[in-house]
Every structure is written in structure tokens, then in C-alpha cells.
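A short write-up of the structure that comes next.
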Amino acid sequence: MSKIGIFYASAMGNTEAVALDLQQQFGQEQADVIHVADADKDMISAYDYLIIGGSTWGAGEIQDDMADFFKELDEVNLTNKKVALFGLGDQVAYPFAFADSLGDLYDKMVSKKATVVGGWPIEGYEFKSSKAERNGQFVGLVMDIDNQPEKNNERIKAWVKQLKKEFK
Ligand SMILES: Cc1cc2nc3c(=O)[nH]c(=O)nc-3n(C[C@H](O)[C@H](O)[C@H](O)COP(=O)(O)O)c2cc1C
């Protein structure tokens, strides 16, 4: 497998922590971690395999740095890329907009005709509504560090195991 680019946006550091954990699971020789504010179109284009993650703010909004990254993505041809997505949210405080921005990220990838992998089960979470849920599953890994920190490791390990099969 060629090298993976892990791009993340993070307001308080939670998404950054997950991005670094993901890198650790793949191994530093296999994956780079890049803050979206440092990413330009050439850096995105350099990877065949992308992992993109961000958190949800406002009431179901994408975080500001991610909004800027969307403009950068517009300049890149993603048709031959495999992309896995992850999103951070808080299912207790925001049960009606849980990890909504992951759904926006997914829609962006679909509009760019990227191949999205890394779907994740909704079991194990309690929420009322999420734009990240499509056809009964999440469109990527959902992490709730605010309420389920004890599940971080097992979720990350299982998702990376899954991606090692799907990134082919
Ligand atoms: C002001 C505020 C608004 C938030 N809005 C949402 C939301 O609409 N949906 C959600 O699932 N989580 C929401 N969250 C929770 C964050 O997404 C969560 O804490 C996440 O782990 C933050 O990650 P970051 O530090 O990488 O930005 C909100 C948190 C704050 C402080």
C-alpha cells in the first residue's frame, strides 16, 4: 500500500489526538499526519489513500478550518483516490446533530467522485439524528471523546484493521 495522508481539523485537540492515534496504528512509515490549514492541493494530490477527519461545531456545522479545506479540495482531482472519513461529536449534548459534519464531509467526497471506504456501525452510540448516518450506518468512524473515552482504543484499532483491507 502506498503512503496514507491523514488530514485533520481540530478546534480543541480531540480530532488531532485521534489523527495521531490512527497514524500510530498504521505506523509512521505508512501514514503522514497533516493539519488541514497546512495542506495545499499538491499535498492532497500526492496521496492515493486519504483519511480526513474533523469535529462538529455550532449546531451541526463543520469546523472553520475544515470549511477552508473544502475550498482546497475543490482544486484537486479525487476520482482515483480512496478516502476514509472520521468525525468527532458529542452524542449527549448534541443528540439531534450528532457528528453532522461527517455527513457534510461525505457529501463533499461524493460530489468530488472519490471512492469512500471505512463505513462504521451505528451500534454502541445513542443519538436521535445524524447527517453522518446513511442507510443504517455511519459514513466513517465516529468518535465521542467527551462521553466514551474508554472506547477510543478499540474503535481506532478496529477501524484501522478494516481500512488495511479496504485500502487496496
Ligand atoms: C460550542 C460547541 C458546539 C458543538 N456542537 C456540536 C454538534 O453540533 N454536534 C456534535 O456532535 N458535537 C458538537 N460539539 C462537540 C465537539 O464536536 C466535540 O467536543 C469534539 O470532540 C471536539 O473536537 P475538536 O477538539 O477536535 O474540535 C460541540 C462542542 C462545542 C464546545
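FYI, it's all coordinate maths here, none of it is from the lab. For clarity, every value in this text was computed on a predicted model and none was experimentally measured. Cβ atoms come from the backbone with ideal geometry, glycine included; neighbour counts cover every protein chain shown.
Would you grab the residues whose amide H sits under 5 Å from the one on Phe7? Only those 5+ places off in sequence or on another chain, please, with H modelled 1.01 Å from N.
So Phe7 has HN proximity to Ile34, Ile51, Ile52, Gly53.
Rounded to the nearest 5, what % of the DSSP beta bridges within region 4-166 are antiparallel ones? Display every interim value, and only then the final one.
Numbers: 6 of 29 bridges.
The answer is about 20 percent antiparallel.
Would you grab the residues whose amide H sits under 5 Å from the one on Leu88? Only those 5+ places off in sequence or on another chain, please, with H modelled 1.01 Å from N.
The answer is Gly54, Ser55, Thr56, Met143.
Taking the Cα atoms of region 72-123, what is the range of coordinates along each of the three principal axes, in descending order and whole Å?
Projected onto the principal axes, the Cα atoms of region 72-123 cover 37, 22, 13 Å.
For a quick check, take a GNM of the chain with Cα springs below 10 Å and name the residue from Asp104, Asp68, Asp21 with the largest mean-square fluctuation.
Of Asp104, Asp68, Asp21, the Gaussian network model singles out Asp68 as fluctuating most.
Report D for region 102-168 in µm² per second (integer): Stokes-Einstein, Kirkwood Rh on Cα pairs, 37 °C, 0.692 mPa s.
Values: Rh = 12.9 Å.
Approximately 255 µm²/s, per Stokes-Einstein.
Using +1 on the beta carbon of Lys and Arg, -1 on that of Asp and Glu, and nothing else charged, what's the dipole of the chain about the Cα centre, debye to 20?
In total the dipole reaches around 860 debye.
Taking the dipole about the Cα centre of the chain, with the C-beta of Lys and Arg at +1 and of Asp and Glu at -1, give me whichever of Ser130, Gln25, Ala59 is farthest to the positive side.
Final value for the positive-end residue is Gln25.
As a test of understanding, state the convex hull volume per residue of the chain from its alpha carbons, in Å³.
Details: hull volume 16.9 nm³, N = 168.
Output value, Cα hull per residue: 101 Å³.
Could you run the Karplus curve 6.51 cos²θ - 1.76 cosθ + 1.60 with θ = phi - 60° over region 114-123 and give me ³J(HN,Hα) per residue in whole Hz, x for Gly and Pro?
Along region 114-123, the couplings run 6, 8, 8, 10, x, x, 9, x, 7, 4 Hz.
Compute the length gained on full extension between Glu150 and Val92: take 0.36 nm times their separation in residues and subtract their Cα-Cα distance, giving the result in nm to one decimal. Write down the numbers at each step before the final one.
Working: separation 58, 0.36 × 58 = 20.88 nm, distance 1.55 nm.
Contour length minus the Cα-Cα distance gives 19.3 nm.
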